[in-house]
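Visitor: Before I ask anything, here is the structure I am working with.
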Amino acid sequence: MNPQILKDLQAFYPEITLTATLLAVILIDLAAPRIRQATTFLFTAIGLLLALALTFPLFAAKSGTLFYGMVALDPMAVFFKGFLIITSFLILLVAPGSKEIAKEHIGEFYTLLLGVTLGMVLLASATDMLMLFLALEMVSVSSYIMVGYLSTERQSNEASLKYFLFGAVSTGSMLYGITLLFGLTGTTKLVLIREAIIHGAGDGNNGLMLLIATIFIMAGFGFKTASVPFHFWCPDVYTGAPTPVTAFLSVGPKAAGFATLIRFFFTGLSDTAGSIWGFFPAMNWALLVLMISIITMTLGNIAALRQENLKRMLAYSSIAHAGYILMGVVVLTPQGLQSVLVYLITYLFMNLGAFMVVIEVYNRTGSFELNDYRGLWRRSPFLTIAMTIFMLSLMGIPPFAGFFGKLYVFGAAVNHNLAWFAVLGALNSVIAVYYYARVIKTMIIDAEPEGAQAPPISLSWTSHILMWAMLLPTAGLMLFWDRIQEITSNSITLFFG
C-alpha cells in the first residue's frame, strides 16, 4: 500500500472507528436477537466515545489534507468532528427513553445513527466537491430512513417521502452546480477552484456562470441547514419523524451543513490578502448569503407565531436560528466565523434540551399539542422549570447560553459595519419572544381543562441526569466562557492565521 495512504489512515482513526462500530452493530443485531437491545446500545456508545477520544489528539496535528486532497485535517474539521460525535452520543442516550422508538428495531436505529454520524464527519471535512457530494448523500439517505422509522405511521411515511423528494431535487441541483463549476475551473478541489478564479476563471461572461453555479450549489447547503428557499421540508418532516430523530436533525446535519458551507465559500470562493478575506468581484456571494439570512430568520419566526404543535413550532424556530447563524457566515472576519461556532455550541444544548422535555411529556400524554402543556407546572415543576430555561435561552435572554450566541453574531455584524443587519436580527429575536413565551405561559399560568386532571409526571433517574446535562450548560455556560472562546478561536486558525 502507498506509504502516504498508510500515514493518512493514522489521522483517520475516528472515521475508521465509526465504520467498525457500524458494522459490529449490524452483526450483533442479526446474530444475537435476544440481547441485541442492550448490546447494540453498549457497542454504539463505546464506538462513539472511542471516536471522540481519538478526535482530541488531532487538535495538535499539523494542518493539511488527507487522501490526495479529498479530506481536510485542520482545527475546523477537528472541531466539527468532536461536535457532531457529541451530538450523536446525546441522541443515543435520549432515544431508548422515547416511546416512539420501537425497542424490537432499536439496533436498526443505532445503525442509522452511526451511518449519519460518519457521513456528517466526512461532510464537515470534505475539501473536494465530489467528496462533499458523496458525504452529503450518505447523510441524506440515512436520514430519509430515520425519518420513516415509524413504518406503521402514515405521518412518518409521509414525512420520509417529502424529505426524500426535496432532498433529491436539492442534491440534484447541487450536482448540476458542481458540474458547472468544474467546467469553469477544470477542478473539483476547493483550493484549486479558488486559484482558477484568481487567474481569470470568473472573468467576463464566466462571472454569470459562476453565479449560477453557486446558486445551484447553495441548494444542497440550504437543504441541510433548512434555509429559505430550501426549508419547505422542515416543518412536515420534523412533525412526522420520531422526536429523537427530529432533535437530531435540528442540530447534527444542520451543523454539518454549516461546516461545509463555510469551507466551500471561504476556501473556494474567497480572496485573501494576509488575514483579510473578501469575495471575488465576479461573485458577491456574501450579498447572496445575507439576503438568504434575512429571509430565513424572518420567515421562520413569523411562521412559528401561530403554531399549536410544539414540534412544528420548534421546526420553524430551527429555520429562524439557521438565519441567525448565517449572519456570522456573511461577516468575513475572524469574529464572524467564530460566532458561528459559538452559536452552534449554545444551540446544541438549549435545542436538544427543549426536545427532551417534549419527549418526556409525549411519553405521558401521547400528544405534541401546546394545549396539553396546560398546568404542567402542577404535574412536574422540574420539567416546567427546565422548559422555561430552554425557552428563555432560545429567546436570547441573559444570562443563558442563547444570549451569548446571539451577542456574538450581532456583535460581529456591527463590527463589520453591518449594524442594520444586526438590528434586523434583534427585531427578529423580539418576534420570537412571543411564541417562546406562549409555551411558558401555557405551562405556568393556563389551567388544565376541567375534568382532565392528569397525574403527576415522575422522571426516571436517567431522564433526570440527561435533563441536567442539558440544563447546566444552558444556564451556566458563561462559567466556562474563556475555554469556549479558546476552542472556537483556535478552530478558525486555518482561515485566519
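The values are calculated or read from the model by the stated rules, or taken from the named source; none is laboratory data. Bear in mind the structure is a predicted one, so any value in this text is a computation, not a measurement. Here the Cβ positions follow ideal geometry from the backbone for every residue, glycine too, while neighbour counts run over all protein chains shown.
Visitor: Inside region 387-398, can you point out the residues that are among the small types (Gly, Ala, Ser) and either outside any helix (DSSP H, G or I) or surrounded by fewer than 24 Cβ atoms within 10 Å (Cβ to Cβ) (or both)?
Guide: GLY396
Visitor: Taking the residues in region 150-180 that are part of a loop (DSSP other than H, G, I, E, B) and either among the acidic types (Asp, Glu) or in contact with a Ser or Thr (Cβ under 7 Å, 6 or more places away or on another chain) (or both) as candidates, determine which candidate is nearest to LEU190 (Cα to Cα).
Guide: We begin by selecting, within region 150-180, every residue part of a loop (DSSP other than H, G, I, E, B); these are 150-153.
Checking which are either among the acidic types (Asp, Glu) or in contact with a Ser or Thr (Cβ under 7 Å, 6 or more places away or on another chain) (or both) leaves us with 150, 153.
Details: LEU150: 39, GLU153: 43 Å.
So, considering only residues that are part of a loop (DSSP other than H, G, I, E, B) and either among the acidic types (Asp, Glu) or in contact with a Ser or Thr (Cβ under 7 Å, 6 or more places away or on another chain) (or both), the one nearest to LEU190 (Cα to Cα) is LEU150.
Visitor: Whether any residue in region 175-196 is out of contact with any helix residue (DSSP H, G or I) (no Cβ under 7 Å at 6 or more places or on another chain) and modelled with pLDDT under 85 is what I want to check.
Guide: Yes, there is a match, as at least one residue in region 175-196 is out of contact with any helix residue (DSSP H, G or I) (no Cβ under 7 Å at 6 or more places or on another chain) and modelled with pLDDT under 85.
Visitor: Filter region 339-381 down to the residues that are without any contact (Cβ under 8 Å) to a residue 40 or more places away in the chain and part of a helix (DSSP H, G or I), then identify the one that is surrounded by the fewest Cβ atoms within 10 Å (Cβ to Cβ).
Guide: Among them, the one singled out is PRO381.
Visitor: Just for helices (runs of 4 or more DSSP H) wholly inside region 411-494: which have at least 1 residues that are within 22 Å of VAL329 (Cα to Cα) and among the charged types (D, E, K, R)? Reasoning before the result, please.
Guide: Numbers: elements: 419-444, 461-476, 481-490.
Once the helices (runs of 4 or more DSSP H) in region 411-494 are filtered for at least 1 residues that are within 22 Å of VAL329 (Cα to Cα) and among the charged types (D, E, K, R), what remains is 481-490.
Visitor: Could you tell me which residue of region 399-410 is nearest to VAL433 (Cα to Cα), considering only residues that are of a type in the set (Phe, Trp, Tyr) and assigned to a helix (DSSP H, G or I)?
Guide: From region 399-410, those of a type in the set (Phe, Trp, Tyr) are 400, 403-404, 408, 410; that's our starting set.
Filter once more, keeping what is assigned to a helix (DSSP H, G or I): 403-404, 408, 410.
Details: PHE403: 13, PHE404: 16, TYR408: 19, PHE410: 17 Å.
Among residues in region 399-410 that are of a type in the set (Phe, Trp, Tyr) and assigned to a helix (DSSP H, G or I), the one nearest to VAL433 (Cα to Cα) is PHE403.
So that you can scan it fast, the table gives a plain yes or no per residue for (1) surrounded by fewer than 19 Cβ atoms within 10 Å (Cβ to Cβ); (2) more than 20 Å from ALA469 (Cβ to Cβ):
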| residue | (1), (2) |
| --- | --- |
| PHE59 | yes, yes |
| SER63 | yes, yes |
| PHE67 | yes, yes |
| VAL78 | no, yes |
| ILE85 | no, no |
| LEU90 | no, no |
| ALA95 | no, no |
| HIS105 | yes, yes |
| LEU122 | no, yes |
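Visitor: Restricting to helices (runs of 4 or more DSSP H) lying wholly in region 1-115: which have 1 or more residues that are under 19 Å from the mean Cα position of the chain (by Cα) and free of Cβ contacts under 8 Å to residues at least 60 places away in the same chain?
Guide: Working: elements: 3-10, 13-31, 36-55, 75-94.
Filter on region 1-115 gives 36-55, 75-94.
Visitor: Please tell me if LYS81 is at pLDDT below 85 and touching a helix residue (DSSP H, G or I) at 6+ places or on another chain (Cβ under 6 Å).
Guide: Details: at pLDDT below 85: no; touching a helix residue (DSSP H, G or I) at 6+ places or on another chain (Cβ under 6 Å): yes.
No; evaluated as a whole, the condition is false for this residue.
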